[in-house]
Structures are given as C-alpha cells and as structure tokens.
Amino acid sequence: MTEQTLLGLTLTATVSASGVGSAPSGVVTFTNGVGGPVVGTESLSGEAPSGGTVQAVANFNASPLAAGQYNFVASYPGDANYGASTSATVPMTLTADFTLGSQGLTSQTVTPGQTATYLNGIVIAPEFGYSSTVNFSCLVPAAGATCSVTPASYATANGVGFGSVTVTTTGLGASIPQPKADPSGPPQFHLFTARAISMALSLWLFAVLLTRTRRRRFVVPLALLLLMAAIAPIGCGGGSGNSGGGSSPRAQGTPAGTYTVTVTATAGSTTHTTTLTLIVQ
C-alpha cells in the first residue's frame, strides 16, 4: 500500500494472520523488484487484535529516494509464530518535486485594523531529490488588506521547511486609496482639446464675418453667441476631473467577510499553492 501525504510518499506493509495471539514482529524489507536492491527497511509495529485477526504494520518513508522508475516489493522473513511472506509488486514512477500545504491554525478571525499571523502555517517538503530554491508569495482578496510570507524563499536542499504568513487589515475609518483614472482614456485632456479647437474656429469665423460682411450689426451678436457657446463648455467641464472613480480615498476599512488567503510557491516552471482562511468581523 502507498500513501501520498503532505510530507511525501509512505510505503506501508501490513502483515496479518488469523488468531488472537501476539502480533507479527520483526523487520520488513522494501526492495526495487523481487530480490532487487534494497531501498529501505522498517520494523513492524503490532496492533490490537480485531475480528479474530492479528496484524502489524511497517511504514517506510520513500520521499528521500531518487527520482526514477520503481517496482516496490515488501518482504517479511517471518518470526517464531508466523511464516515468511512477500507482497505483490507495486510499480511507481517518482518525479522530483516538492509539496506545499497548510497546517496548524489555518483559520484566523480578526476585526478591521488587526493582524492575523499564521505561525508556521505552511510546510514545504522536497521529494525524490528535489533541491531547488522556492520563492513564496501570497494574495488576499480583501480591500485594504496585505499579506506576506516569512521567509520569502526557501532552499529545499535543507529538507522539510516551514513558513509563517502575516495578513494586515485596515481599521474602520482609515482611508483606502482608490485606483487613479487612466490618463490615456476619455478624461479631460481629450475633452479640453476638442473645446479649444471649437473656440479657435469660433474666433476665426468671427474675424471672417467682420471683414467680409457689410451688415455688421447682425454679425456681431451672432459671432458673440458662437464665442460664448465655445467658452461655456470649458467652464462647465473644468471641475469634473475629481468626480466619479478618481483617486480620492474612501474611509471604510477592510470590509467584513470570509476571505481565502492563497499562498504560492514557485521554482522555475513548477508552482504549487495552498490556502488559509481569514475572517474579518
């Protein structure tokens, strides 16, 4: 039997027999193929009889093995009460990698303005010869909240490692900066340019009408109306730069709710994630 856990791969050999006596004892040998090279040994640990069956279990941590193709076999030599036995072959391909998971107190409850600390809340474990340095990052989708991971990176060549995550929220009444308007969009620059052109055309028309028309007493009021029409939008629109979704801050703090904090570990093209929970009341 094999089991993939947060801390790697475990091979489990179970020796059982009918009866109510003592459990099997001794050492189980794990090999790569029947009669092949030994990859590890583990002592049997007896369990209480159940349903007329006695058994003992040996758990072997296979994570330190090198990457490659294996055909695992467990062999038990027997003891004074039980005979020898050999398991069926279990083929597996082991690939160098690392695991990332969360542990301990994975959910924290705070009020706006408080800080949540997940001490040693994440665990990273290299498998099958993996030895690259892994970089950590985290994200919390709550307004006015930031998070960080300590340490920011970890050398998996050192074996199993742990990291802490800190999430800082913003108190009620504090200002949360809002995104600034995109200056390349439709804001006031383009509007101002169009109105300036309109004003220039009106002045030109005013000059043409004055020089080419004899009935100037009718032209002057008309030209003045055109000039006022060009100037008025500029005055009306000049104060609109700070309206709508500008950069003015809002005083609200981090909103109440339940948020998923995502921690990401990256090394080259390999990425793994794990999550924690933040509750803001």
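The values are calculated or read from the model by the stated rules, or taken from the named source; none is laboratory data. Predicted, not measured: the structure shown is a model, and the values here were computed from it. Note that each Cβ is placed from the backbone with ideal geometry, even for glycine, and that neighbours are counted across all protein chains shown.
Sub-6 Å Cβ pairs linking a first residue in region 86-101 that is under 14 Å from Ser131 (Cα atoms) to a second residue that is surrounded by 14 or more Cβ atoms within 10 Å (Cβ to Cβ) and hydroxyl-bearing (Ser, Thr, Tyr), at least 6 apart or interchain, are Ala96/Tyr130; Asp97/Tyr130; Phe98/Tyr130; Phe98/Thr156, ordered by first then second residue.
Just one of Ser22, Ser43, Ser16 is closer than 13 Å to Asp79 by Cα, at pLDDT below 95 and surrounded by fewer than 16 Cβ atoms within 10 Å (Cβ to Cβ); which is it? Working first, answer last.
Values: Ser43 fails: at pLDDT below 95; Ser16 fails: surrounded by fewer than 16 Cβ atoms within 10 Å (Cβ to Cβ).
The unique qualifying residue is Ser22.
Among the residues making up region 153-170, those that are out of contact with any strand residue (DSSP E or B) (no Cβ under 6 Å at 6 or more places or on another chain) and either at pLDDT below 95 or small (Gly, Ala, Ser) (or both) are Ala157, Gly159. Among the strands (runs of 3 or more DSSP E) confined to region 11-83, the ones with at least 1 residues that are among the hydrophobic types (A, V, I, L, M, F, W, C), more than 42 Å from the chain's Cα centre (by Cα) and more than 30 Å from Asp97 (Cβ to Cβ) are located at 53-61.
When Gly26, Gly121, Gly68 are checked against the criterion of being touching a Leu at 6+ places or on another chain (Cβ under 8 Å), assigned by TED's automatic domain parsing to the domain that holds Thr273 and either in contact (Cβ under 8 Å) with a residue 12 or more places away in the chain or β-branched (Val, Ile, Thr) (or both), a single residue qualifies: Gly121.
Residue-by-condition table, conditions (1) outside any strand (DSSP E or B); (2) among the hydroxyl-bearing types (Ser, Thr, Tyr); (3) under 16 Å from the mean Cα position of the chain (by Cα):
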site: Gly101; (1), (2), (3): no, no, yes
site: Ala116; (1), (2), (3): no, no, no
site: Asn120; (1), (2), (3): no, no, no
site: Ile124; (1), (2), (3): no, no, yes
site: Tyr130; (1), (2), (3): yes, yes, no
site: Cys138; (1), (2), (3): no, no, yes
site: Pro141; (1), (2), (3): yes, no, yes
site: Cys147; (1), (2), (3): no, no, yes
site: Ala157; (1), (2), (3): yes, no, no
